[in-house]
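The values are calculated or read from the model by the stated rules, or taken from the named source; none is laboratory data. Please read these numbers as outputs of a predicted model, since none were measured by experiment. FYI the Cβ positions are ideal-geometry reconstructions off the backbone, even for glycines, and counts take in every protein chain you see.
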Amino acid sequence: MIDPEDAPRERIETLLAVMARLRDPQRGCPWDVKQDFASIATYTIEEAYEVAEAIDRGDLGDLKDELGDLLLQVVFHAQMASEQGAFAFPDVVAAINDKMIRRHPHVFGNASVDDADAQTAAWETMKAAERAAKRRDHDAPPSALDDVPKALPEWQRALKLQKRGANVGYDWPDAAPVIAKLEEELDEVREALAMPASAQRQDALEDEIGDLLFVAMNLARKAKVDPGTALRRANAKYERRFRQMEALARAEGREFAALTLAEQEALWQGAKRLERGG
């Protein structure tokens, strides 16, 4: 019988053994055996988004399952690294343990902080020092933007770049000038749209719309709104109202796709009224 205190360790060891067996070239699963870091990275990102979706729904049962799927991704990567002699799962755990203790000297050491804002500032200072210590190109001068991952979704990378700039003082004082900048960028998009159709116009539109989106990320940051959460809410709202429009059209015996844009817009307004209880 397993001692209750040893049960968590036993379960983790079982998970590690399961993954090792799946990756066994002779007795494992052909699909798991042929995977590598690059092929699994997509699944890792997907599982992280599914965790976020379960949190959005407030579904704790599903969150437990999704966290398990995400943990499997960590174990999968660690197993592949172990096969190459690079590191193993215990090394991953040891590294994050060391990092959390090192970055919380006010909890595990003798340092003190006045509040959460002071702790955030101290955290960023420690991260900057760590980045400087492990810079890959030691001949290049250090930058506040070192090691912002290029594999991040672009909206997340924009947010990280902006936060790094803000950490060294390059930031708007509040949201008001960001809104003014947003309006300026929107005017530049209008100017690009007014250009004659050409490769130059398309290039200008890509450039100006990129600037517009970048500033929109900055506005979200200054408003202390997480862009991912805000966009998920907007997506859910659109999907909910669109499905309601289709249902309204069916109730009237009409094919939604056959309606004019004005008729579809009328249904959209009807869906909004229903959603608001009107």
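A compact table of results
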{"item": "Options 239, 208; residue that is part of a helix (DSSP H, G or I), closer than 27 Å to residue 271 by Cα and acidic (Asp, Glu)", "result": "239"}
{"item": "Residue within the range 242-254 that is modelled with pLDDT of 95 or more, surrounded by 12 or more Cβ atoms within 10 Å (Cβ to Cβ), more than 28 Å from residue 144 (Cα to Cα) and within 26 Å of the chain's Cα centre (by Cα) present", "result": "yes"}
{"item": "Selected residue (only one of 174, 207 is loosely packed, with under 12 Cβ neighbours inside 10 Å and of a type in the set (D, E, K, R))", "result": "174"}
{"item": "Complete set of residues in the range 43-70 that are aromatic (Phe, Trp, Tyr) and farther than 15 Å from residue 236 by Cα", "result": "43"}
{"item": "Conditions (1) modelled with pLDDT of 95 or more; (2) more than 28 Å from residue 128 (Cα to Cα); (3) within 19 Å of the chain's Cα centre (by Cα): number failed by residue 54", "result": "(1)"}
{"item": "Selected residue [assigned to a helix (DSSP H, G or I), under 30 Å from residue 117 (Cβ atoms) and touching a helix residue (DSSP H, G or I) at 6+ places or on another chain (Cβ under 9 Å)] from 231, 248", "result": "231"}
